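The structure appears below as structure tokens.
The values are calculated or read from the model by the stated rules, or taken from the named source; none is laboratory data. A quick note: this is a predicted structure, and the numbers were derived from the prediction, not measured. Quick reminder, even Gly has a Cβ in these numbers, built from the backbone with ideal geometry, and neighbours come from all protein chains shown. What goes into the accessible areas is simple: the full protein's heavy atoms, side chains included, and nothing from ligands, DNA or RNA. Shrake-Rupley method; radii C 1.70, N 1.55, O 1.52, S 1.80 Å.
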Amino acid sequence: MEPVVIVGSGLAGLTTAWALAPRPCVLLTSGPLTGGAASMWAQGGVAAALSSEDRPTLHAQDTFVAGARYGDRQVIDRITAAAPEVVRELARLGVPFDRTSSGDFDLALEGGHGRHRVAHAGDHSGATITTVMAGLVANLPSVTVREFSTAVALSTNAGRIDGIDVRDERTGLVEHLRTDRVVLATGGVGGLWAHTTNPVTATGKGVALAARIGAHTSDLHLVQFHPTALDVGADPMPLLTEALRGAGAVLLANGRRFVDELQPRDIVAAAVWEQLTAGRRVVLDAREIPSVRDRFPSVTALTAEHGLDITTDLLPVRPALHFSMGGITTDADARTSVPGLWAVGECSRTGLHGANRLASNSLLEAVVTGKAAAASAAAFDDAWPVRNGADPESVAARSDSGDDADALALVRKVLDTHCGVLRNAEGLQLAVDELAPLTATSDAAYVGWLIARSALAHPHSVGAHRRTDEPILAVSA
């Protein structure tokens, strides 16, 4: 029996490997285990209706509304219903979630949520949860971890997965692994923008691998800009967690408050962008948060690294690319349109997030989709849902040269300029035209081209996709 190959070692990939046990799998990670995964950077936590005042249906409604009423209600209902057990299971596995004096989960309030429902481990929840899962996976005899290994291409036979090419980043050698089951857990696309809170290695590799063999992708234009990235010239930009605003931090432009900070991220990001483009200085004021150093030690240390004191200084901010709501199209079992290929976590498009992700739903999605992919891959047979074929324009030849620094730098400049918080047809067409010549030789350029083309093809503003040249799309409840 050929092992399942999992590409990526963030929370979604680790959950898949853990849930597959005792079925053998190979886990590919481009660096050390968990070293560069975006899951490690998540500060917020896991959203779940765990209090007596909350219900999964309320969580679902907040998710739907935050997503500009563009999400899949069945998917939203299913994942939010699973959320409380996800948190309890993670706690049983050893995740030290913060607790109240009575032993209940200490639940935080974040933007877009109508209740306190974010279970967290300090202000470094992603790193804590991912580290716990990595420790469990590393000790499973069913899992072979291959560090410093990058997926180069997928191969198919009669339209089905039959292998994957893997490059050893230490030697440069490429090896073909035979397998009929691949799970992509490669993360998002944030590294394709010059201003991002993501690892600069988050360049949409999974989207490129899947789309080059004809897999469906959806909503690639729907990318979220976090409104409060710390604007200190760092790349990637340090993130000032949503929970700061939930705890009372306010946004000021030239000293004046200009927005309700607890609205969904797309609204706050657009408001910040409007102030910046008017030439005003925007800052986050967290000075009035009680015991802010103790409540947010990671943010305190992060700001101190850049010469700022969270208790006395105003923190300069600007929107930065943070999360991709679109990606490789999947069903409830994390299956793509290509038999033998699954996608989990941020590289997938499940329909949970709609047009704008609600805070702290990403780690939840990673666990739910990882478990779904594991169950489906373990039971895999010749049956596969009949899906429409891929858009022929989305299929391009395999990239042979990889992504050199010059190509990536161009992509980051082009997307930052033409596919930012606000877009228009003229700029998007320029992005498509500039990136098109590089699509055959650069995966980064190919994914950037797909994103710009998707944004150009969707003329109506919805959620995080804001067109200045077309009206807002009205979506009914």
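To put it simply, the accessible area of segment 91-172 at a 1.4 Å probe is 49 percent carbon and sulfur.
Diffusion coefficient of segment 120-277 by Stokes-Einstein, Kirkwood radius over Cα pairs, 10 °C, 1.306 mPa s: 83 µm²/s. Across the chain, C-alpha contacts under 8 Å between residues 6 or more apart give a mean separation that, scaled by the residue count, equals a relative contact order of 20 percent. Treating the Cα atoms of segment 106-145 as identical point scatterers in vacuum, please give the log10 of the normalised Debye intensity I(q)/I(0) at q = 0.29 Å⁻¹, two decimals. With no solvent term, the Cα-only Debye profile gives -0.94. Across segment 141-157, computed HN-Hα scalar couplings (Karplus, 6.51 cos²θ - 1.76 cosθ + 1.60, θ = phi - 60°) run x, 7, 10, 9, 8, 10, 7, 6, 10, 10, 6, 9, 7, 9, 10, 10, 9 Hz from first to last residue, x flagging Gly and Pro. Restricting segment 86-172 to trypsin sites (Lys or Arg not before Pro) that sit in a DSSP loop and have at most 13 other Cβ atoms within 10 Å of their own Cβ leaves Arg170.
Annotation: Cα Rg of the chain relative to the compact-globule expectation 2.2 N^0.38 Å equals 0.92. Backbone amide hydrogens, once placed in the peptide plane, bring Thr156 within less than 5 Å of Asp162, excluding anything fewer than 5 places away on its chain.
Taking every protein chain into account, the accessible area of the chain amounts to 38 square angstrom per residue (probe 1.4 Å).
Computed per residue of the chain from DSSP H runs no shorter than four, each worth -39500 (n - 2.57), the mean residue ellipticity at 222 nm is -9500 deg cm²/dmol.
Each of Ser149, Thr100, Gln275 was placed along the dipole of the chain (beta-carbon charges, centred on the mean Cα), and the one lying farthest toward the positive end is Thr100.
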